């Protein structure tokens with residue numbers, strides 16, 4: 001397996017597929033204001049879940065194969081080289097795995113919060129007033145619940161942006177350690 005293809009596969013392909021889902025539309029007021037729009041948003045979330053499950057499975061398979069290849073490489077290298085690479089590479093690999101696991105966890109949190117938000121609205125479409133300035137709910141409790149759900153979505157988004165930066169930095173460092181080019 002050519003590890004130079006990792007960024008292309010896991011970041012370009014998955015990102016392209018995710019972008020094609022147009023996730024912004026899931027929470028667009030035009031979609032949130034009708035039962036049909038809510039159904040489309042739920043369908044998009046289902047597609048995102050399928051994409052993330054496939055990505056998570058492929059990432060796991062790749063990392064298993066990659067780790068096996070690194071093990072074989074280290075077994076064939078002189079002891080001093082193997083020790084040096086192991087001491088530098090293994091912690092970096094573990095950090096990358098942890099970051100990727102956190103990314104999938106955050107994405108699942110985002111989907112759950114978005115589903116909760118869609119469910120919340122589905123029972124209130126007749127009573128929520130959509131205005132150019134935002135939504136007006138019939139009670140403070142409903143507005144507070146809406147704000148709490150949006151707060152989770154915003155917090156997850158911020159965490160995902162930070163994780164994306166960490167992942168790119170980690171991959172770049174690992175590629176440099178192995179003498180491989182990294183193109184983002």
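The values are calculated or read from the model by the stated rules, or taken from the named source; none is laboratory data. Remember, predicted model here, so these are calculated numbers, not experimental data. All Cβ positions, even for glycine, are placed from backbone atoms using ideal geometry, and neighbour counts span all protein chains on display.
Filtering 124, 167 for residues that are at pLDDT below 85, closer than 29 Å to residue 47 by Cα and touching a helix residue (DSSP H, G or I) at 6+ places or on another chain (Cβ under 8 Å) leaves a single hit, 167. In region 103-111 there is at least one residue that is modelled with pLDDT under 90, farther than 22 Å from residue 38 by Cα, in contact with a helix residue (DSSP H, G or I) (Cβ under 8 Å, 6 or more places away or on another chain) and in a helix (DSSP H, G or I).
Filtering 13, 38, 48, 74 for residues that are more than 18 Å from the chain's Cα centre (by Cα) and within 24 Å of residue 98 (Cβ to Cβ) leaves a single hit, 74.
Here residue 139 fulfils each of the conditions (1) closer than 20 Å to residue 103 by Cα; (2) surrounded by fewer than 14 Cβ atoms within 10 Å (Cβ to Cβ) apart from (1).
In the condition set (1) without any contact (Cβ under 8 Å) to a residue 40 or more places away in the chain; (2) out of contact with any helix residue (DSSP H, G or I) (no Cβ under 9 Å at 6 or more places or on another chain), residue 65 is compliant with all but (1). For region 148-157, the condition of being touching a helix residue (DSSP H, G or I) at 6+ places or on another chain (Cβ under 7 Å), surrounded by 13 or more Cβ atoms within 10 Å (Cβ to Cβ) and in a loop (DSSP other than H, G, I, E, B) holds for none of the residues. Inspect all residues belonging to region 18-25 and state whether any of them is surrounded by 13 or more Cβ atoms within 10 Å (Cβ to Cβ), part of a helix (DSSP H, G or I) and modelled with pLDDT under 90. Scanning region 18-25, I find at least one residue that is surrounded by 13 or more Cβ atoms within 10 Å (Cβ to Cβ), part of a helix (DSSP H, G or I) and modelled with pLDDT under 90, so the answer is yes. The set of residues in region 61-78 that are under 16 Å from residue 14 (Cβ atoms) and surrounded by 13 or more Cβ atoms within 10 Å (Cβ to Cβ) comprises 62, 63.
Of the numbered criteria (1) exposed (fewer than 15 other Cβ atoms within 10 Å of the Cβ); (2) modelled with pLDDT of 85 or more, the one residue 81 fails is (2).
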